[in-house]
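Below you'll find the structure, written out as structure tokens, and then a few comments.
The values are calculated or read from the model by the stated rules, or taken from the named source; none is laboratory data. All figures in this text were calculated on a predicted structure; none of them were measured in a lab. Cβ placement follows ideal geometry from the backbone for every residue including glycine, while neighbour counts extend to all protein chains displayed. Just the protein is used for accessible areas: all its heavy atoms, side chains included, with ligands, DNA and RNA removed. Shrake-Rupley method; radii C 1.70, N 1.55, O 1.52, S 1.80 Å.
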Amino acid sequence: MKTLDFKPKMFSALKKYDRKTFMADLMAGIIVGIVALPLAIAFGIASGVSPEKGIITAIVAGFVISALGGSKVQIGGPTGAFIVIVAGIINQYGIQGLTIATLMAGVFLIGFGLLRLGTIIKYIPYPIIVGFTSGIAVTIFTTQIKDLLGMQMETVPGGFIEKWMAYAQNLAHIDLWSAIVGLVSVIIIAVTPKLSKRVPGSLIAIIVMTVAALTLKQYAGVTTIETIGDRFSISSTLPDAVVPELTWDTVKGLVAPALTIAILGAIESLLSATVADGVIGDHHNSNTELIGQGVANIVSPIFGGIPATGAIARTMTNINNGGRTPIAGIIHAIVLLFIFLFLMPLAKYIPMACLAGVLVVVSYGMSGWRSFATLMRNPKSDVAVLLLTFFLTILFDLTIAIEVGIVCACLLFMKRMSETTDVKAIYDEIDLNEDADMERGNLEHLTIPKGVEVYEINGPYFFGAGNKFEDLMGRYGRRPKVRIIRMRKVPFIDSTGLHNLENLCRMSQKEGITVVLSGVNEKVEAVLNRNDFHKLLGEENICNHIDLALARSREIVNA
């Protein structure tokens with residue numbers, strides 16, 4: 001029995017921990033905490049919750065993910081990928097529904113880790129990942145237009161197309177000062193990395209634009225720039241732990257969104273950990289990472305937080321500033337805690353247009369438009385999955401996009417795998433070149449006796465191979481006495497292939513045709529024996545190589 005695959009990197013990192021490593025982690029943790037502050041506030045507000053809930057998520061989930069995760073440098077917290085789905089859950093089920101869905105997602109993530117699904121999740125097709133990531137980016141950008149331009153709108157429609165129609169109808173209601181704040185924020189964030197890699201552009205933009213908005217209000221009488229304080233009441237008090245009341249009907253109704261949160265969180269965290277591995281030359285434990293993410297998503301909503309996962313941008317900031325152990329992630333959470341307790345009231349002065357500018361830049365980074373454009377040159381099937389996932393994400397919701405995208409990708413995968421298995425008919429003679437199941441090599445060709453047909457399978461025998469047999473036999477319409485099925489190049493056979501082969505053998509027997517199997521390897525033969533094929537065909541009709549199969553066919557033909 002396999003042991004539990006839960007080995008947090010924290011424990012191994014502390015074995016050789018020293019002062020030099022701590023100082024590097026300390027500096028990285030402080031910088032990442034500062035970088036995470038504006039993003040946590042922006043993600044919280046964009047998700048439809050209060051700004052402090054975004055910071056609470058970064059504190060609680062960030063601490064747990066670093067302490068219990070399977071990556072040395074992963075930084076966890078709220079991310080842009082969750083904005084769309086969190087907002088959708090709140091609109092449909094309310095805050096209570098979001099809390100329960102996040103708890104359930106945490107349980108699912110722990111289950112993924114316990115079942116060792118960490119390596120499997122990383123193999124979700126790339127077009128699906130790019131499709132829904134780009135779709136999320138477009139959706140985030142769309143939701144920020146109102147605040148970016150300071151549009152005076154009572155309500156914003158929920159649908160993608162309806163939003164843009166409403167924006168077009170309200171172009172005359174743009175507030176010039178808010179629009180300037182939003183656009184200048186975008187420019188500052190874009191330019192800052194060219195001047196300094198260490199100073200986060202989002203923080204610079206927030207400080208500069210907050211001071212500018214206060215100055216305009218105080219000395220120029222500009223009162224139209226909406227701030228966080230105009231829309232939310234800011235609290236710097238740590239919330240009590242509250243476990244929501246669970247009922248079967250509520251849980252049952254939230255399975256789909258909870259599973260979407262879990263799958264999305266698993267994909268994003270493992271992608272982030274994989275990218276980090278390539279930079280620091282380490283290998284994360286994917287199953288431990290999923291369990292750590294699961295625990296974080298159970299604890300976070302209990303303290304009023306929202307879903308969390310590994311954040312690629314903050315993880316890379318951690319690495320680039322010297323962070324090399326989970327201690328850096330824990331310090332980042334502590335830095336955010338101190339900011340929350342002592343500086344949170346100042347957040348009410350931050351302009352909403354500035355936060356919208358932060359999220360516009362985030363959405364651009366998420367869009368992956370270069371990857372999107374590259375994939376458009378790939379095979380049509382990949383392009384179809386990419387576009388389907390993309391448009392479902394922006395026009396409907398992420399749950400539908402992920403479900404339909406994965407189903408389509410699985411169907412395409414099955415189709416491609418079935419195409420790798422080739423079935424051909426041989427009627428006259430067999431070319432012995434490179435025949436692995438031959439006992440003698442002194443002949444170049446073997447003549448096939450009259451009344452005997454030979455079919456060769458090249459590849460795995462599973463779905464699709466049986467249909468190819470039927471098509472091939474029906475095409476020639478012959479009625480031989482013996483059918484030899486060469487399986488020397490069949491590495492395995494699954495239950496569907498087994499069922500098709502059994503049907504083929506029984507159909508042949510009803511027509512008075514004997515089936516002889518040739519070149520069956522040990523693994524395939526073991527599967528056949530467990531399913532009583534030796535009784536169905538007879539031991540003498542399951543041969544190790546083509547010589548014996550042809551000799552057996554001659555006996556049958558001459559009998």
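Taking 22 Å as the limit for the C-alpha separation, the pairs Lys53/Lys252; Lys489/Lys535; Lys510/Lys535; Lys450/Lys523; Lys16/Lys72; Lys424/Lys481 exceed it in the case of Lys53/Lys252; Lys489/Lys535; Lys450/Lys523. Dipole magnitude for the chain: about 980 debye, using +1 per Lys or Arg Cβ and -1 per Asp or Glu Cβ, origin at the Cα centre.
Using the 1.4 Å probe convention, the accessible area of the chain works out to 47 Å² per residue with neighbouring protein chains retained.
Assuming a viscosity of 1.306 mPa s and a temperature of 10 °C, what translational diffusion coefficient in µm² per second does Stokes-Einstein assign to the stretch 124-254, Rh being the Kirkwood radius over Cα pairs?
Working: Rh = 18.4 Å.
Value of D from the Cα-based Kirkwood radius: 86 µm²/s.
When semi-axes √(5λ) of the Cα gyration tensor in Å is calculated for this entry, the matching label among (1) 60, 26, 21; (2) 42, 38, 24; (3) 46, 37, 21 is (1). Contact order, relative form, for the stretch 248-347: 27 percent (alpha carbon pairs under 8 Å, 6 or more residues apart, mean separation divided by residue count).
Shape class of the stretch 255-319 from the Cα gyration tensor (axes a ≥ b ≥ c, square roots of the eigenvalues): prolate, since a/c reaches 1.5 or more and a/b is larger than b/c. Report note on the peptides 237-246, 449-458, 167-176, 43-52: ranked by the mean count of other C-beta atoms within 10 Å, highest first, their order is 43-52, 449-458, 167-176, 237-246.
Here the gap between Thr447 and Phe396, fully extended at 0.36 nm per residue and compared with their Cα-Cα distance, gives a gain of 12.2 nm.
In summary, the helical segments of the chain meeting the span-like criteria, namely a full DSSP H run, a Cα extent along the axis of 20 angstrom or more and a mean Kyte-Doolittle hydropathy of at least 0.0, are 19-46, 51-68, 83-114, 126-143, 176-195, 201-219, 255-280, 286-302, 326-343, 352-367, 380-395, 398-420.
Taking 7 Å steps out from each Cα toward its Cβ at Asn529 and Ala425 produces label points 3.3 nm apart.
Sorting the segments 330-342, 74-86 by their residues' average number of neighbouring beta-carbon atoms within 10 angstrom, most packed first, yields 74-86, 330-342.
Which peptide among 363-369, 9-15 comes first, and what is the full order, when sorted by highest mean count of other Cβ atoms within 10 Å?
Going by the mean number of other Cβ atoms within 10 Å, highest first, we get 363-369, 9-15.
Think of each Lys and Arg Cβ as +1 and each Asp and Glu Cβ as -1; about the Cα centre, that makes the dipole of the stretch 244-394 roughly 400 debye. Only one residue of Val32, Gly76, Gly113 has its Cα farthest out toward the positive end of the dipole of the stretch 1-123, where Lys and Arg carry +1 and Asp and Glu -1 on Cβ, and that residue is Gly113.
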